[in-house]
4 protein chains.
Amino acid sequence: MTAKTHSLERMIFFSDAVIAIMLTLLAVELPVPEVPDPLHLWGALAAHGSEYIAFLISFCVIAATWTAHHMLFVHVSRTDPQLITLNLLALLGYVLIPWASKTLGKVPNGAGVIVYATAMTFLGATMLLVLRHVVRSGLLDPTAPRGVISGIQAWSAMTTIMFALSIPAGFVLGRWTM
Amino acid sequence: MTAKTHSLERMIFFSDAVIAIMLTLLAVELPVPEVPDPLHLWGALAAHGSEYIAFLISFCVIAATWTAHHMLFVHVSRTDPQLITLNLLALLGYVLIPWASKTLGKVPNGAGVIVYATAMTFLGATMLLVLRHVVRSGLLDPTAPRGVISGIQAWSAMTTIMFALSIPAGFVLGRWTM
Amino acid sequence: MTAKTHSLERMIFFSDAVIAIMLTLLAVELPVPEVPDPLHLWGALAAHGSEYIAFLISFCVIAATWTAHHMLFVHVSRTDPQLITLNLLALLGYVLIPWASKTLGKVPNGAGVIVYATAMTFLGATMLLVLRHVVRSGLLDPTAPRGVISGIQAWSAMTTIMFALSIPAGFVLGRWTM
Amino acid sequence: MTAKTHSLERMIFFSDAVIAIMLTLLAVELPVPEVPDPLHLWGALAAHGSEYIAFLISFCVIAATWTAHHMLFVHVSRTDPQLITLNLLALLGYVLIPWASKTLGKVPNGAGVIVYATAMTFLGATMLLVLRHVVRSGLLDPTAPRGVISGIQAWSAMTTIMFALSIPAGFVLGRWTM
C-alpha cells in the first residue's frame, strides 16, 4: 500500500468507527418500559412511542447514509487534506444525531422536529460537500460507474432538501399543537 | 484487493465495531452494589441478581452469535447490495440487545422476558436471512466446507426457535407470578 | 491473506475494539467536581479522590495488559476455535472492568476492593489461559523470541497472583475500617 | 506485512478507535433542551450555551489533533516499545477530554477552565513527546517531508502553550467573576 491509499483507509476506518458507535449509542439510551404485567406491555411501550419511533427513523436514515458513503468510497482512490477536513465536518453531523434523536423523542412540540431536522440537514449538506469535492478534485477511480455516483448525489440532495423543509414544518406543528 | 473484497472488509469491520461497542455497553450499565461491609457483599450482589444474570446470558448469546458470524464470513468471498441491507437489519437487532437486556433485568414479571425474547428472535431471524442469502446467491467461497455452513444454520435456527418459544412463555410466567 | 490469518486479524481487531471502548468508558463516568471557586478546586477534586484513583489504576493495568497482548499477538501466526473461545472469555473480563472500577471508587469499605480484585483476577486468569493455549497448541510463529513470551507469562502470572491476594485483603480492610 | 509494520497498524488502529469513541461520547452527554414551544427554542438552547460551546471547542481541537496525528503517522514506518508507551500516555489524555469538557460546560467559574486547560495541556505535551521520539529514534520514513513534520511540531507546541497559559487565566477569571 502506498502512503496515499493508507491515508484513505485510515480516514474511512475512523469514520466507520464513529458511525458504528453513534448507531449503537442511539439504542442504548432508549427508555426501559415500566410494565405492571405482560398484558399491559403494549401500552407501556406506547407510552414511550415517540422515543422508539425517533430511534427507528434515525437508525434507518443513518443506515441509508452509511450505505451511500460505502458505495461512494469503494470508488474513491485517494484522499487529500480538504477531503479529510470535509469528512470531519460530516462526522460532526454524525455525532450530533443521538442528541438530536433524543431531543426529537423527548420534546413533544414542534421544537424537537426543528432540532432534529436541522441536525439532519447539516449532515446531508456535509455529505453533499464531500461528494462534490470527490467528483471535482478527481479523487474518484477512473473506472467508477457514473450512474452510481449521480444516484448517490441525487439521493443525498433529495433527503437533505426533505429535512430542510421539515424545519419550517416544525414551527407550523408547534403553532398547531398549542 | 479488488473493490469487491474491499467492500466486504468494510462491511465486516463495521459490523464488528457495532457488536464490540454493544458488548461493552452491556456491562457498563450494570448496577454498582450498595454494600454496608464486605461480609454482606454476596447479599448486595444478589439484590441485583436478575440484572447480572441478564448481562451474562446476553454476553454468552452474543459471543456465540459473533463466533458463528466469524466462522461464516471467513468463507464469504464477496458482498452485494442485498447482503449489505440484510447485514444492517442484523445490526438493528444487535444494537437493541443492551436495551432488551436492561429490560429483562429490571422488569421482574414476564414482560421483561417477552421484550428480551422478541429482540433475540428478531436478531436470530436476521442472521438466518443473511445465511440464506449468502448460500443462495453464491457469495460463498467454493472451497467453503459445507458441514460448517450447515452447522451454523442449524445452530442459528435452533436458538431463534428457542427464543421465539420464550415469547409465549413470558405471558405464562406473567400470569403465574401474579 | 489466507482464511486463517484473516480470521486472526478479525479476532485481534474485535478484541482491540472492545478494549478501546472499555478504556474510553472508564473515564466518561468520572464525576464532575462541584467547585465553588477556583481556589477550592483541589478540595473538590479530593472529595472524589477514590474514584479518580480507581480510574488511574484501571487505566494503567489495562494499558499494561493491552501492551502484553500486543507483544504476544505480533508472534501468533494463526487462530483456532479454542483460541477464539478463550479470547471471548478474556473479553468478558475486560468489559467488566468499568463496572468493577466504579464499584472500587464508590464502595468505600473493603467490598469495593474485593469486587475489583476478583474482576482483575478473572481477567488475569483468562489471559494466562490464552497464553498457555497459544504456546501449547503451536499457534506461535516459530521465530517468536522465547524470552519475550516467558516475560509476558511471568508478568501475567505475577499481576494475577497480586490481585488474587487482594481479595482476602479486602475482607481484612473491611474489618479494620469498621 | 512484517511483524513490525503489523504492530504499527494495530497501534494506530487502537488509537483511532479510542479517539472515535471519545469524539462520539462528547456529543452523547449534551443536555436535551427543555422547550415550552418552538418560538422559545433559541432561549432553551442558550440556557445550555456553555455546554454546547464546550462541546464544539473540544470537537474542533480533537479533530485538528487527529488530523495532525494522521499526517504524522502516514510517514512513520515502524514502532518500538517506547512509542507504544508514549502513545498510551497520549490516549490517557484523549480519554479524559469528555470529562474535562463536561466540567468546562458545567462549572461556570474559572475552575472549569482550569480543569479543561490542564487536560488539554497534558494531551498536547504527550503529543509533543510522541513527535520528539518519532523524529529522534529514526522511526520516520526517510522520504517523509521535513516541512510537514516541523509544521505539526510547531502547531502542537503552539496549542499546548496556549492551553498551558489558560490555566492561570482560569484563576484570574475565578477572582473576576466573584
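The values are calculated or read from the model by the stated rules, or taken from the named source; none is laboratory data. This one's a predicted model, so the numbers in the text were calculated from it and none came from an experiment. We place every Cβ from the backbone using ideal geometry, glycine too, and count neighbours over all the protein chains shown. Note: areas computed on protein heavy atoms with side chains; ligands, DNA, RNA excluded. Shrake-Rupley method; radii C 1.70, N 1.55, O 1.52, S 1.80 Å.
Checked against (1) open to solvent by less than 30 Å² (accessible area, probe 1.4 Å); (2) in a helix (DSSP H, G or I); (3) more than 7 Å from every other protein chain (Cβ to nearest Cβ); (4) of a type in the set (Val, Ile, Thr), C:THR103 meets all criteria but (3). Here is a check on your reading of the model: is A:THR5 in a helix (DSSP H, G or I), modelled with pLDDT under 90 and open to solvent by 10 Å² or more (accessible area, probe 1.4 Å)? It is true that A:THR5 is in a helix (DSSP H, G or I), modelled with pLDDT under 90 and open to solvent by 10 Å² or more (accessible area, probe 1.4 Å).
Look at C:HIS6 and say whether it is in contact (Cβ under 8 Å) with a residue 12 or more places away in the chain and under 30 Å from B:ARG10 (Cα atoms).
On the way: in contact (Cβ under 8 Å) with a residue 12 or more places away in the chain: no; under 30 Å from B:ARG10 (Cα atoms): yes.
No, not satisfied.
Is it the case that some residue within segment B:148-168 is touching a residue at least 60 places away in the same chain (Cβ under 8 Å) and closer than 20 Å to B:GLY49 by Cβ? Within segment B:148-168, not a single residue is touching a residue at least 60 places away in the same chain (Cβ under 8 Å) and closer than 20 Å to B:GLY49 by Cβ. Candidates A:ILE97, A:ILE62, A:ILE152: the one that is open to solvent by less than 30 Å² (accessible area, probe 1.4 Å) and either in contact with a Ser or Thr (Cβ under 6 Å, 6 or more places away or on another chain) or closer than 26 Å to D:ASP37 by Cα (or both) is A:ILE97. When segment A:79-93 is filtered for residues that are surrounded by fewer than 18 Cβ atoms within 10 Å (Cβ to Cβ) and either away from chain D (no Cβ under 14 Å) or closer than 20 Å to A:VAL148 by Cα (or both), nothing remains. Could you please give the count of residues in segment A:32-56 that are touching a residue at least 40 places away in the same chain (Cβ under 8 Å), more than 10 Å from every other protein chain (Cβ to nearest Cβ) and either open to solvent by less than 30 Å² (accessible area, probe 1.4 Å) or among the aliphatic types (A, V, I, L, M) (or both)? The qualifying residues number 2.
Please determine whether any residue of segment C:126-140 is in a helix (DSSP H, G or I), within 12 Å of another protein chain (Cβ to nearest Cβ) and in contact (Cβ under 8 Å) with a residue 12 or more places away in the chain. No, that holds for no residue.
Of the set (1) crowded, with 20+ Cβ neighbours inside 10 Å; (2) away from every other protein chain (no Cβ under 11 Å); (3) not aromatic (Phe, Trp, Tyr), all apply to D:VAL113 but (2).
Exactly one residue out of A:MET22, A:MET71 is facing chain B (nearest Cβ under 9 Å), surrounded by 17 or more Cβ atoms within 10 Å (Cβ to Cβ) and not acidic (Asp, Glu), and it is A:MET71. Scanning segment A:119-134 for residues that are out of contact with any helix residue (DSSP H, G or I) (no Cβ under 6 Å at 6 or more places or on another chain) and open to solvent by 50 Å² or more (accessible area, probe 1.4 Å) returns a single hit, A:ARG132. Is one or more of the residues making up segment A:37-55 farther than 24 Å from A:GLN153 by Cβ, under 14 Å from the mean Cα position of the chain (by Cα) and not charged (D, E, K, R)? Within segment A:37-55, one or more residues are farther than 24 Å from A:GLN153 by Cβ, under 14 Å from the mean Cα position of the chain (by Cα) and not charged (D, E, K, R).
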